[in-house]
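Nothing in this text is a laboratory measurement; each read-out follows from the coordinates by a stated rule. Every value quoted in this text rests on a predicted model; they were computed, and no experiment measured them. Cβ placement follows ideal geometry from the backbone for every residue including glycine, while neighbour counts extend to all protein chains displayed.
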Amino acid sequence: MIPTITAFKQSPDRGRGLARDTRIRWALEEVGQAYDVRLLTFAEMKEPAHLAIHPFGQIPTYEEGDLVLFESGAIVLHIAESHPGLLPADANARARAITWMFAALNSVELPILDLSTAKILERDAPWYEARLPLVEKRLCDRLDQLAARLGDSEWVDGAFSAGDLMMVSVLLRLRPSGILERYPKLSAYVARGEARPAYQRAFAAQLAVFTGTK
Ligand code: GTB
């Protein structure tokens, strides 16, 4: 059965692939699963029809027969568990790959979001200038730790896995800030992810929505 995912009809990132449907498209491309996309406006995301499948009125979602999922982490995990290619066969290695997915979402994406939220929503607050360096420091401390752990390895734990797919997807969100460039090992890691043919196809598919060619 071909799953259907949801994505922005007009992504605010203007086709840079930063919205969270890209990680779902990437996972589907990695495992060779075709998919359909339902594009939604911001208004449509808050309508009852979409709220019935996503309690917070957001994208992405994933529908496959009777199965309806939201949360990009849960969706990528489901795809990785349903097809070979994104999780190792060895039980311990598999558990570690899933750990890296959680690490990406809980320990790395959160400080990245904190910084972008501060810059977008808190700029006019009287405490903005005082808080920003604290938010940046928390993020940079975490990136230092991640870069140290990655070292010169190609991927975070052996062969490319859903853990890398999620970590690269999360790190890509740093691009607009210029912070990623301060971390050569992480930049190279992200570039390796972006070079994967499956990522390229996923990126092209979301860009085609923005350019109106799909
Ligand atoms: N935890 C959820 C998940 O992982 O799936 C978070 C889902 C989420 O934040 N979805 C966003 C959304 O639907 C789109 S991806 N927002 C609309 C709303 O809440 O009303 C977040 C996103 C948006 C825009 C950019 N950008 O412009 O660069 C990047 C990422």
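Annotations for the structure displayed:
- Checking ARG96 against (1) touching a residue at least 60 places away in the same chain (Cβ under 8 Å); (2) in a helix (DSSP H, G or I); (3) within 22 Å of ALA7 (Cβ to Cβ), the condition it does not meet: (3)
- If you go through the range 1-20 and keep only what is outside any loop (DSSP other than H, G, I, E, B), near the ligand (Cβ under 9 Å from one of its atoms) and in contact with a Lys or Arg (Cβ under 7 Å, 6 or more places away or on another chain), you end up with just THR6.
- In the range 66-81, of all residues being free of Cβ contacts under 8 Å to residues at least 40 places away in the same chain and surrounded by 15 or more Cβ atoms within 10 Å (Cβ to Cβ), the one that is nearest to the ligand (Cβ to nearest atom) corresponds to GLU71.
- Condition met for ALA204 (under 20 Å from ARG14 (Cα atoms), of a type outside the set (Phe, Trp, Tyr) and out of contact with any Phe, Trp or Tyr (no Cβ under 9 Å at 6 or more places or on another chain)): yes
- Sole residue being within 18 Å of GLY85 (Cβ to Cβ), surrounded by 13 or more Cβ atoms within 10 Å (Cβ to Cβ) and out of contact with any strand residue (DSSP E or B) (no Cβ under 6 Å at 6 or more places or on another chain), chosen from TYR128, TYR199, TYR183: TYR199
- Top-ranked residue of the range 21-59 - restricted to ones that are in contact (Cβ under 8 Å) with a residue 60 or more places away in the chain and not in a helix (DSSP H, G or I), ranked as nearest to MET167 (Cα to Cα): VAL37
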